[in-house]
1. At least 1 residues that are over 38 Å from the mean Cα position of the chain (by Cα) and of a type outside the set (Gly, Ala, Ser) in each: list the strands (runs of 3 or more DSSP E) lying fully within region A:44-139 that qualify.
2. Identify, please: which residue in region A:13-32 is closer than 24 Å to B:Trp36 by Cβ and aromatic (Phe, Trp, Tyr) and is, among those, farthest from the other protein chains (Cβ to nearest Cβ)?
3. Can you find even one residue in region B:2-9 that is in a strand (DSSP E or B) and within 13 Å of another protein chain (Cβ to nearest Cβ)?
4. With the condition kept exactly as written, say whether any residue in region B:434-446 is within 26 Å of the chain's Cα centre (by Cα) and without any contact (Cβ under 8 Å) to a residue 24 or more places away in the chain.
5. How about region A:10-32: which of its residues are in a loop (DSSP other than H, G, I, E, B), buried (at least 18 other Cβ atoms within 10 Å of the Cβ) and small (Gly, Ala, Ser)?
6. For region A:476-526, give me each residue that is under 17 Å from A:Met579 (Cα atoms) and aromatic (Phe, Trp, Tyr).
7. Across region A:317-338, what is the total count of residues that are within 18 Å of A:Phe504 (Cβ to Cβ) and aliphatic (A, V, I, L, M)?
8. Within region B:581-588, can one find any residue that is touching a helix residue (DSSP H, G or I) at 6+ places or on another chain (Cβ under 9 Å), buried (at least 22 other Cβ atoms within 10 Å of the Cβ) and modelled with pLDDT of 95 or more?
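The values are calculated or read from the model by the stated rules, or taken from the named source; none is laboratory data. The structure presented is a predicted model; accordingly, all values stated were derived computationally and were not measured. Neighbour counts are summed over all protein chains in view; Cβ atoms, including those assigned to glycine, are modelled from backbone coordinates with ideal geometry.
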2 protein chains.
Amino acid sequence: MKQCYWLWYPGDFELYHAMQQNFSRVERGYGWPAFWKSEGVRHRVVFRRSYHLEQETSFCVLSKSVGYVLAGEKKYPFGKEILCGPGEVDVSVHAGCIEAFPNIYVKGDIICSDEGWMTEDYDQSAVPAGKNRYFTREEQDPTRWEYSEKCFEPVSETECVGGMLFEFETELTAVLQVEYTDGYRPIRICCGESAEEALDPVHCYYSWEPDPDTGLCPRCALRFAFVPGVRKGEVHLTALHQYVDIPVRADFCCDNEKINAIWNVAEHTFRLCSGIFFIDGVKRDKWIWSGDAYQSFFVNQYLFADPDIDQRTLIALRGNDPMTTHINTIMDYSLFWILGIKKHYEAYGDLRFVKQMYPKMCSLMGFCQKQTDEHGFIVGRKKDWVYIDWADFDKEGPVCAEQMLYAACWKAMEEISVLLGEDSQKFQENYAQLKETIPAFFWDEEKGAFIDSYVSGKRHVTRHANIFAVLYDIADDMQQENIIQNVINNDEIPAITTPYFNFFALDMLCQMGKFQEVWDTLHNYWGGMLDRGAVTFWEEYDPMVPVKAQYDMYGDRFGKSLCHAWSASPIYFLARYFMGLKFTQTGGTGFVLEPQLSFFSSFQCTLPVGEKNVRMNWDGKQLKIFTECAGGTVQINGKIYSLCPGEELCI
Amino acid sequence: MKQCYWLWYPGDFELYHAMQQNFSRVERGYGWPAFWKSEGVRHRVVFRRSYHLEQETSFCVLSKSVGYVLAGEKKYPFGKEILCGPGEVDVSVHAGCIEAFPNIYVKGDIICSDEGWMTEDYDQSAVPAGKNRYFTREEQDPTRWEYSEKCFEPVSETECVGGMLFEFETELTAVLQVEYTDGYRPIRICCGESAEEALDPVHCYYSWEPDPDTGLCPRCALRFAFVPGVRKGEVHLTALHQYVDIPVRADFCCDNEKINAIWNVAEHTFRLCSGIFFIDGVKRDKWIWSGDAYQSFFVNQYLFADPDIDQRTLIALRGNDPMTTHINTIMDYSLFWILGIKKHYEAYGDLRFVKQMYPKMCSLMGFCQKQTDEHGFIVGRKKDWVYIDWADFDKEGPVCAEQMLYAACWKAMEEISVLLGEDSQKFQENYAQLKETIPAFFWDEEKGAFIDSYVSGKRHVTRHANIFAVLYDIADDMQQENIIQNVINNDEIPAITTPYFNFFALDMLCQMGKFQEVWDTLHNYWGGMLDRGAVTFWEEYDPMVPVKAQYDMYGDRFGKSLCHAWSASPIYFLARYFMGLKFTQTGGTGFVLEPQLSFFSSFQCTLPVGEKNVRMNWDGKQLKIFTECAGGTVQINGKIYSLCPGEELCI
C-alpha cells in the first residue's frame, strides 16, 4: 500500500488553519481576531492525474466537498467505488467547498492520493497538490487539527479567598476538565499564567463555565486555575494539555545549574509556542507574527530541526498574491519573511520549497519596490507599520534599519535566484546600489555610526540599525570597529530593552566573539526571570520593575504574555555559540564544532545536524565527540580536527 | 426607530450566495460546482462610525462572527448592552469569520446599523458597508437566504409502471414533503421537468430519499414526481415551492390567445429563473452566467423593474480584483458584464451603484487590454472560451463578433466615465480606433458583410458579427443595408439556432421595424414549444426534432433544461416593440409609447416605468393610455401626443 495523503490546493491548509489560529485570541469574554488582511482559501479546485493502467483497477474518492470524479468520460459521485482501465485513463476530481477548503482522499491500489497529483484553481496554472505529513488516514478531516494530548493532575490544591486554587506543574495549553464530587453545579473557572491572575476574576484573561454535559472548558493557556465558591474536595480538575508533538532532538546539560534551567525553561517555552505554526505567545496574542517567527526558525534548527513548522508558518504568513499590504501590516516583517525563506533553506536545503515560494518572494519584493524613493530606499506608506522594535526611533523619511533589511533581502533574492537558475542580475544590482547608498546617506562620519534618518537632520543614533549593519554585512571593517566603540560600548546610546531585539544584539555579540557579555546576559536577564519564579520565559522582563507589577504590560495588569517564543533564544545562543555548532553548508551537510570550553567545567549535549545528530561530552579535561553525520570538523584552540561518522573523537 | 440592516463588506453577501448558487448543481447523485474561479469573501473586517452624542445612549452589536466592539477606548463583547456618550464617540466593530463572511447588526436608538457605516478589509481603503433590503431584522442570518414559500398539491396522481406519478400544475423549484398513510417506509422519489424524466429512475436528474424524520427532500426543479413501488393512497406528496418574491409589475393580455400564453409562460419561466440571482435554468445549470444574465436585465426592466437582482447578479459575476480570468471563463461574457452595467444604469439611473462598480469596470477593461494584438483587437488566450454562440465560427486570430462587443464596451466606458466625471479620453480613443479598424480588417467588400476572421483567409460569414454590427452601431448605413441583403435575408448564411442568440437577432429585426418576422417567430418558435406542452420555455427548441427526442441535449436524454431564462425574451419583445415602450432617458424619466396596433384587435397592458406604471387599453378603435409618471409621449401613425401624469389620453 502506497502512502496516501489528504490533498488540497497548496497553501490552502496553512491559510485556513492560520485564520483559525489568528482568530483564536480571546480576552475577558470577547474574541480579538488579528488586525490584518486575513487570507481566504480557494473554494473550487480540480485535481488531475493521468494513469497508464496495465489492468482494471478500482478506487474511491473521499471528500466532504461538493463535486464529482471524472474517470475517462464518465462522472461518479464521491464515496463510490469506481472501476477503470486497462489503458490510458485521465482522472480528475472536481471539488467545491465554501466553509473551508476543498480536500480529497483517494484510496485504491493503483489510483490513490500519493505523490504526483496536480491541482488547479481556475486562476493560475496547475501546481502539485498540497499535503501534510499529519494527514494520511482516510478517517481524518484536514480542516480539524488533531492535537496530541497529555493529562496533567494538579500539583497543589489550596483553599483561598473563598475558593480553590489549583496549580499545575508548569504552564500548559490545556482543556480543563471538571468532575463534581456531589454532582453538577454551575461554577466558573478563572485561569492564569500566574496565581495572581487566576485569583483575579475580574482581570484574568480566561474564565470559563464548564460545559454542563462534558465538564470541559475551551482550550487555553494556564498554569493556575481558581474556582470561586467551592471548598476542598468539591470539584476535581484535570488539565488535558493539547500540543503538536514535534520531537525535541537536542539535549543539553552542563555543570551550571542556572544555565541548565535556562535551557529547560526556554525549551518548554518554545515547545508551547510551536503549534501548527510558530506563534508569539500561548496566552496572547496566539498570532503568527513574521518577525517573531523569524527568530523561531533559528531556535527550531537547534532544538527540533523540524522543517515542516517553518514551512507551514512561512506559507501562512505570506498569504495569496497579489500582495497589497505588508505581512502583519509591518514593513520590516515583510522583509523578515524573505530572510526567513533564506534561513529556512540554509537550515534544511529544501530547494523544492524555495522554488514553490519563489514567485511570492518576487511579488513581495516587487510590492516593496513600489514604495521606494528616488534613492531606492524603502519608505513606509500611510498605513504601514514601521516597527523595528519598541524603542525611540527617528522615523522621518526612510528609516536606516529598514534599509539594512531591505538590502539583505535583495542579497537573499540574488542568492536564491542563482540557486534556482533564475535571472539574478537585477537583484544583484539592487543590492549593490543599496550597499553603496545606505552608507552614503546614513553613515555619520562625525558620530562614527549609522543614524536613523538623514532627512530630519537630527542625526539620531540607535543600536538597531548599527546591529543590523553588522549582522547583514552592510558596514565595512572600519565601520564595524566604529560601531563597537561608538554605539555598542557607548552607554549613552539607549540599551536594547526587548527580548525581541536582544536576539539580534546578542547574535551580533556572539559573532564578534563577545561570549562573556552574552553569558552574563543569560544569567542576569533570563536568570532574573527564573529568580522571579518563571516556568516559561516572558514577553518582556525589566529587573527594575517591582514584583507586584511584573505581569503588567500595555497598561493591563495581566497584559504580559508569560510564555513568549522570542524569549526562547538562549537555546540558539547556547547551541550555536557556546556549544559552537555552526553550519558551513546548507541542510547540515557541512558543519564545524567550536565549543567554548572555558565557560564549562563539564557538559554533555546532543544537537541535530540535518536528519542526524552530533553528541559532545566535556568533563573539564577531555572532549569526546560522536557524530552520525559526514561533513563535520572540530575547532579547538586554533586546531582543526575532522570528524568521521560513527567514530568517537577524543580531544 | 430607524431602519436597520445587517451589514457586511460590500460584495461579500453576493459572493457568498453566488458560491452557494454555483455549487448547487446536482446531477444524478453528484454535485457539479461551476467550473470557474470561485470568489471568496473577506474574513476579517472592521465597521466604523463616529457619533456626536447629545446624551448617553445604549446599543448592542449582534454577530455570529468572532470579535469585539470598541466604543471610545473600551472593548466589549458582542451581544452585551453598551453605554456611551455624551460627546464624540468613535465606534468600531471588529469581526472575523472563516466559514462565511463577517456580518453585524447594531441595535439601539441612536447607534444602530442604518446608513452611514464604513467598512475596511485591511486591504483597500474604507468603503460604505454593504446591506440588502431583505435583511433588516435582528433574528435573521445573512448567510441563509429566506425564501418565500407556497404550497402546491398535485393536480393529478396516476398509478403507472408499478408506482405513482404525481403531477403539479406547473414547474416549480420545490421541497417535496411526503406523508405516509401507514407510517414511514423507505421510498425513493424521482423528479422530472417532464413526466418522461420522472418515470425514468435511471436517467432522471434528481431522485431523493425523503428524510425519515421530516419527510422532506432537498429543494429542486420539478413538475412531476414518481414514486416507484407504491400504490394510490399510500403516500401523499406536497410541493413547497421556494422562491424569491419579486413582484411582477407588468401585465399583458390581448386578443391573440397564443401570444397571451407565450407572455404567461415566459413570465413563469423568468420568475423561476429569478432567484437571489439571475440564473440560466432551474434544473440545470443553476449557475450565474454573464451572457444569460445580460438578457435577463432586458426582460427584468419590463417585467419586475427590480434593480436589486440586477445588482446582486452583477456583483456576483464580477468577483474580486485583480481580474485574472474571464467571467465564467468566457471572453464575451466579460464584455457583456460591462454592457450589463450600462444597461442597468440606463434602466434605473442608479449612479451610486455605477460608481461603486467603476473601479472593477476599469480593471476588467485593463485585463482585456492585456490580451489585445498590434491592431488593438482582443484575442482569446489559451484557456479563454471564445463563445459568441453555439454555431460554426472561423475562430482563427481575432474574432469579429468579439471586437464588436469590445468596441461597445469602450463606448460604454466612455459614457459612464463622463457621467462620473472621470477621465474619458482614453476610452473614447480606444473606441474610435476600433470603430475604424474593425471595418478596415473585417468588412469584406465583395461579400458585403463582416467576416469572422481576416487572418484565416476563409472569409467566413456568420449572422452573429453582422447582427452585433447593427446593434452596437459599428456598421454605417451603407453597411447596414448590405448586411440586411447579404446576410439577414440570405438563406445561404446559416440561421440562428439558439434562443440565446435569437435575442440579438430579433432585437435587431425589431429595431429595423421588421415586426412581422418577429411576430411569426414568436408564433412558430415559442408557440411551437407550447404546442408540445411546454409550461416553461426551453433552453433550446428545434421543431424538426421528433417528440421522442425533444428533451435530449448534450447527448443526455434529459439533458435539456425545460425552464431557461434566455427563452423568456418574448416579454421584452412584446413590451418594448409591440407595446412599444421605449425609454428615452435613464431610469424611466423619459419614454415614448409606440404600440404596433395593427397586430392586435385589442389589448390591455400595464408596464413599469421607473417606480410607476403606464397602462394602455386598445379595443381595436380607441387607444386609452393612463400613466402615473411624467416624461412620456405617445407616437401613433406619425403623430406625437404628450402624456400627463394622472390623466387618461384617448386616441
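1. Result: A:44-53, A:57-62, A:66-71, A:74-76, A:82-84, A:87-96.
2. A:Phe13
3. Scanning region B:2-9, I find no residue that is in a strand (DSSP E or B) and within 13 Å of another protein chain (Cβ to nearest Cβ), so the answer is no.
4. Scanning region B:434-446, I find no residue that is within 26 Å of the chain's Cα centre (by Cα) and without any contact (Cβ under 8 Å) to a residue 24 or more places away in the chain, so the answer is no.
5. A:Gly11, A:Ser24
6. A:Phe515, A:Trp519
7. Going through region A:317-338 one residue at a time, the tally reaches 4.
8. Looking through region B:581-588, at least one residue is touching a helix residue (DSSP H, G or I) at 6+ places or on another chain (Cβ under 9 Å), buried (at least 22 other Cβ atoms within 10 Å of the Cβ) and modelled with pLDDT of 95 or more.
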